[in-house]
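A short write-up of the structure that comes next.
The values are calculated or read from the model by the stated rules, or taken from the named source; none is laboratory data. Since the model is a prediction, treat every value here as computed from it, not as a measurement. With ideal geometry, Cβ positions are generated from the backbone for all residues, glycine too; neighbour counts draw on all protein chains shown. The area values use the complete protein model at the heavy-atom level, side chains included, leaving out ligands, DNA and RNA. Shrake-Rupley method; radii C 1.70, N 1.55, O 1.52, S 1.80 Å.
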Amino acid sequence: MSLFKARDWWSTVLGEKEEFDQGCLCVADVDNSGQDKIIVGSHMGYLRIFNPHPVKPGDEVQAEDLLLEVQLREPILQVEVGKFVSGTEGLHLAVLHCRRLCVYAASETMGNVEHGNQYQIKLMYEHHLQRTACNMTYGPFGGVKGRDLICIQSMDGMLMLFEQESYAFGRFLPGFLLPGPLTYSSRTDSFITVSSSRQVESYKYQVLAFATDADGRQETVQQKLSSGKKLVVDWVLNIGEQALDICIVSFNQAVSSVFVLGERSLFCLKDNGQIRFMKKLDYSPSCFIPYCSVKEGTINTLVGNHSKMLYVYQDITLKWATQLPHVPVSVKVANLQGLKGVIITLSDDGHLQCSYLGTDPSLFQAPRIDSKEINYEEFGAEMKKLQKIIREATKTQDILPQSEKHKDLIVTAEVSPDLDVESQAIDSEVKAEVVPSVTVKVTIQSRVTAQKPYLAVCVQAPLALTCDWFSFNDLEPGSSETVVLSVFLKGNFPPAELEGNCVFSFNTPTELNPEGVPKVVQCKFKLPLRLVCFPAQPSKSANHKLTIDTNKPPISFLTIFPDFADPSEDDQANVLGFQFLTGSKITLLASKTSQRYRIQSDQLEDLWLITKELTLRLEEHFKKQNCKDFVCTFSGSIPLQEYFELIDRHFELRLNAEKFQELLSERAVQFRAIERRLLTRFKDKTPAPLQHLDTLLEGTFREVIALADAAEENQANMFQAFTKLKSATHLVIMLISLWQKLNTDQVAIMEATFLPLEEDTKELGWEETVDSAVSFLLRTCLSKSFKEQALSHSSQISMPKDTSRLKKNISLFCDRLAKGGRLSLSTETATQQATAVPGGCATIPESDLEERAIVPGSTSVFSNHKPTAKQKSNTGKWLLRMAAFQDYETAADGNGCEIIKLSTVSFFLAKLRQG
């Protein structure tokens with residue numbers, strides 16, 4: 001057993017499905033027998049009294065440890081033991097219910113038979129409460145001798161004081177909103193609580209007694225004639241967090257203190273509210289209790305947390321930490337059966353445990369070893385036998401399923417070639433007369449036993465599904481399941497992709513793991529273009545035009561677009577029109593004289609789906625003809641200026657979202673402040689004019705609703721702008737890949753760089769993520785020199801103030817690709833490339849790149865600049881000096897790329913200046 005685990009001295013589980021809280025545990029001599037008992041009350045109304053005796057490990061709790069168990073039929077909020085009955089100084093039990101306070105006397109009746117003594121409780125008196133109770137405290141209020149008074153805090157902030165059998169008075173706490181922990185300090189004769197304003201407040205008992213009576217409805221004539229004073233707080237301390245509990249410590253060897261347990265801190269205060277010390281906690285506490293320390297002038301504190309740990313502090317110094325089997329909601333320290341310092345903990349589900357710290361004494365004595373001759377052959381045979389057992393037990397094929405050549409489970413998705421005759425679209429926002437839908441048939445074929453099978457189908461918005469989640473019974477080997485669903489366009493804007501994904505999760509049981517090993521099988525499917533657009537008349541004029549070059553003669557659109565072209569019309573062989581369901585039109589033209597195709601539209605983002613569909617259908621057409629040398633290229637200008645406009649639009653909506661969030665926060669604070677003032681006015685006994693607070697509250701409420709509607713509309717516009725931005729980004733990536741003839745890996749790098757997010761979040765947006773990724777590529781594989789690789793960069797990603805840096809980096813990214821840069825994530829390639837770029841092409845200053853405007857329609861924006869003789873000479877000198885200095889130091893940055901240290905760079909610069 002670990003040294004840092006609490007030693008179980010006695011434990012039990014209380015009831016079934018019962019709930020317990022902080023005030024449900026009390027330790028006291030409730031029957032006045034001279035021994036401590038454990039009193040536990042539950043929210044189910046059960047009251048239990050225990051007198052625990054130590055048990056051996058593994059043994060069950062003895063029945064005689066439970067002295068009393070009775071059901072009171074009402075939830076028990078708190079139990080306390082004190083001198084609550086007049087005429088006697090004996091201890092009695094006070095039980096607090098929601099609307100009742102009961103005081104009982106616990107007594108023991110001697111048994112005449114071997115079954116033992118009998119315990120019972122007798123109701124001495126009870127108080128019916130007019131208000132719902134929250135918690136209570138007790139003590140010798142006002143300095144009385146030989147008896148304890150009870151103070152109950154209600155849910156609406158009223159302190160109700162009872163002088164044993166009679167009700168004394170009630171007072172409302174000022175500025176009350178929610179009840180907090182409450183305790184009584186006999187040293188200062190004051191009540192201490194923590195308000196919802198996160199302030200520790202102290203009220204003198206005398207001030208409460210002479211303040212205005214809170215029971216205005218039940219005032220007598222004498223009370224109406226007498227004038228009371230306003231309730232004034234004695235002292236206030238702002239702790240900045242909610243409090244879980246308060247304890248008053250008054251030991252002989254320690255200074256009287258007030259301990260407050262917050263959500264993240266432990267405070268120790270003097271009697272006048274000044275802080276003695278505080279301890280910041282790096283965990284979430286659940287309960288605490290201070291107790292007497294062996295060192296004079298210090299106080300020990302037990303603090304439990306939600307990680308099942310119990311910490312022992314001496315003032316602010318951590319002395320011990322121990323592991324508990326449950327999360328404690330209440331902790332006490334008691335002397336049980338002559339054992340001092342027993343720690344009693346109670347969990348919210350009824351685990352009651354008495355434990356202690358340290359270790360048990362070892363009573364084991366090693367037996368004498370008989371000297372025998374060692375039989376090495378026997379020991380060797382036993383060792384081989386044990387090793388064989390270990391090998392068989394550690395074989396992974398019994399725990400994890402064996403990898404087989406054939407697939408255990410196959411998921412296939414079949415998209416219907418035709419649209420649904422009757423559309424299955426539901427709640428579509430598209431304003432078209434008919435919103436088409438297409439049927440997708442998903443089939444699951446299992447060759448193994450599949451437990452807990454689930455199927456999830458997802459498409460990217462604005463596409464939607466009639467059903468996206470399916471659950472099945474366990475699949476047997478050889479069985480299959482089939483589901484049918486429909487996909488349609490829900491949002492009133494075109495999607496960025498016409499693809500879907502099926503994810504099937506299940507568990508495969510094994511001999512050593514009967515619950516099953518989780519597995520996931522995925523399957524992608526492609527949706528038809530007819531789902532989002534339909535044939536239309538071609539348009540002669542358009543704002544945006546793209547030309548795709550090929551190395552084969554143009555193919556008739558009647559051949560590659562049979563679902564859009566009409567065979568009866570001969571003019572559709574070279575010209576074809578498309579119109580999205582949202583209204584925008586795209587025209588596709590094939591040149592009669594050259595091997596080119598032109599796509600044109602009024603919106604840049606609308607070109608993406610048609611361009612992608614054109615290239616895919618051309619590749620499939622020539623693949624069927626066994627033509628392997630078909631290539632598509634792009635020689636026009638990259639439409640960066642139009643792309644930047646979409647970026648600016650999306651970023652503007654993100655800024656608007658932040659502004660709406662700030663305005664909503666301000667109006668919400670204003671709304672809550674007006675509510676608090678109105679509540680104060682309504683609670684006041686003497687009616688006062690509202691001073692138009694109700695009008696201000698209504699106006700603020702309307703502003704909050706209007707701002708929430710505007711923020712929701714802006715969120716929808718931002719999602720639409722992000723979808724358009726993704727479509728334009730896909731188009732730019734395709735054009736760059738056709739322009740630079742990038743391979744599959746390089747295209748994957750570009751997609752990971754420019755399409756890192758499926759959607760924007762509050763913590764991370766598209767602009768800062770892409771800017772960081774592009775900056776990394778410019779520093780590594782597209783860097784011009786080692787000096788550029790050595791530049792430090794910030795590892796923190798935050799939302800930028802504007803998009804100027806992002807647009808500059810994207811332009812520089814295209815410029816580096818135009819000069820021969822190649823995308824690669826390997827360190828060696830990036831290092832070689834950084835050395836080769838200065839000699840291979842001329843470097844253009846970034847200021848020149850900013851000043852140069854991109855003219856749409858120009859033949860080439862990024863032209864190849866040939867290096868001059870002077871540039872070659874300077875480059876040669878640089879390489880020679882680099883080669884002469886062989887013992888330069890290198891280091892690795894956070895991305896694994898090898899860079900020169902700053903001291904080495906400074907050395908090179910100094911040498912160049914001297915040369």
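A few remarks follow.
- Inverse mean reciprocal Cα-Cα distance (Kirkwood Rh) of segment 451-498, Å: 12.7 Å
- Reported value for segment 1-142: 168 Å³ per residue, from the convex hull of its C-alpha atoms.
- Accessible area per residue (1.4 Å probe, heavy atoms of protein chains only) ranks Tyr184, Tyr376 as Tyr376, Tyr184, with the largest value leading.
- At R0 = 22 Å, FRET efficiency that the Cβ-Cβ distance of Val144 and Arg99 yields, to 0.05: 0.25
- Taking all protein chains together and rolling a 1.4 Å probe, Ser471 ends up with roughly 80 Å² accessible.
- Charged-residue dipole, Cβ positions (Lys, Arg, Asp, Glu), segment 418-494 about Cα centre, Debye nearest 20: 240 debye
- Accessible surface of Cys627, taken over heavy atoms with a 1.4 Å probe and every protein chain present, rounds to 30 Å².
- Order by protection proxy (mean Cβ within 10 Å, highest first), peptides 767-780, 97-110, 683-696: 767-780, 97-110, 683-696
- Excluding ligands, DNA and RNA, the accessible surface per residue across segment 403-501 is 55 Å² with a 1.4 Å probe.
- Ranked order, Arg198, Arg667 - accessible area, probe 1.4 Å, largest first: Arg198, Arg667
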